[in-house]
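These notes concern the structure reproduced below.
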Amino acid sequence: MKPITYEAIRNELNVLSAGSETSGEQQAPDTFAAQIVNMILRELRGIHPAWRSSIRSEQEYETLKLNYVKAMMEQGVNTMALVQRGLRMARANPSDFIPGPGKFCAWCLDDGEWLAAWQRMMDRSASLSRLEELVRNECEFDARKLDKEKARSLFERTYNKWLQRERNGMLPPESARLSPRAVTTEFDRLRCERGVPDPSTLTGIFKRVAELGQRYKTNKMGK
């Protein structure tokens, strides 16, 4: 794939005809994004009436167009089905302003799986994938201190970030886990078999530890 540069994107936009915008087949990300960006922004301008407030000149519009193309290329938005999903999300969004390239691409790639993963986390159910584990590791502690809407928004952002890394093959490898048997030594086995030693046979700190062990055992048996 050729380097993603603004010059390369401009060249694509200049040479591709508007008549190929509606192709539904998966294409190379650079070609597809350059072909479809005019239609996407035309739709978004119709959906979001306050678009002129954030796009005040032709130069700003061209910059937005280039950033949309680059974001789509980088994140793999390369089919009409994905674009249509993003436009449906845009129509459901209450904002009057055109979404940024990153948000629109996240809408395109949102398959709804994050909601199920979110519910599993809130129910304290087991995660179903390495992706879910990484998302929980990053945001669960903070999410449980927030109100529901803020927590869900945090989870969604974190999920989309890790989902993109998964699509790019950039998830960290799973750490090796030792089985319980592997960390049980012969000393541990003998200690369990023999129980608490007699403090009278010991001296110093070992006698004190044995006394504490006997006291704990007595208290436990008395409950």
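Listed by position, the helices (runs of 4 or more DSSP H) enclosed by the stretch 48-145 that each have at least 3 residues that are among the charged types (D, E, K, R) and under 21 Å from the mean Cα position of the chain (by Cα) are 130-143. Here Asp110 fulfils each of the conditions (1) closer than 14 Å to Val37 by Cα; (2) modelled with pLDDT under 90 apart from (1).
Per-residue answers, yes or no, for (1) surrounded by 21 or more Cβ atoms within 10 Å (Cβ to Cβ); (2) assigned by the TED database to the domain that holds Lys148; (3) in contact with an Asp or Glu (Cβ under 7 Å, 6 or more places away or on another chain); (4) closer than 17 Å to Asn38 by Cβ:
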residue: Gly86; (1), (2), (3), (4): yes, no, no, yes
residue: Pro94; (1), (2), (3), (4): no, no, no, no
residue: Gly102; (1), (2), (3), (4): no, no, no, no
residue: Cys105; (1), (2), (3), (4): yes, no, no, yes
residue: Arg124; (1), (2), (3), (4): no, yes, no, no
residue: Leu128; (1), (2), (3), (4): no, yes, no, no
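When the stretch 63-84 is filtered for residues that are open to solvent by 70 Å² or more (accessible area, probe 1.4 Å) and within 18 Å of Arg45 (Cβ to Cβ), only Gln84 remains. For the residues Phe141, Phe155, the requirement of being modelled with pLDDT of 85 or more, crowded, with 17+ Cβ neighbours inside 10 Å and not assigned by the TED database to the domain that holds Met72 singles out Phe155.
The values are calculated or read from the model by the stated rules, or taken from the named source; none is laboratory data. On a predicted model such as this, the values are computed, not experimentally measured, just so you know. With ideal geometry, Cβ positions are generated from the backbone for all residues, glycine too; neighbour counts draw on all protein chains shown. Please note that ligands, DNA and RNA were not included when accessible areas were found on the heavy atoms of the full protein model with its side chains. Shrake-Rupley method; radii C 1.70, N 1.55, O 1.52, S 1.80 Å.
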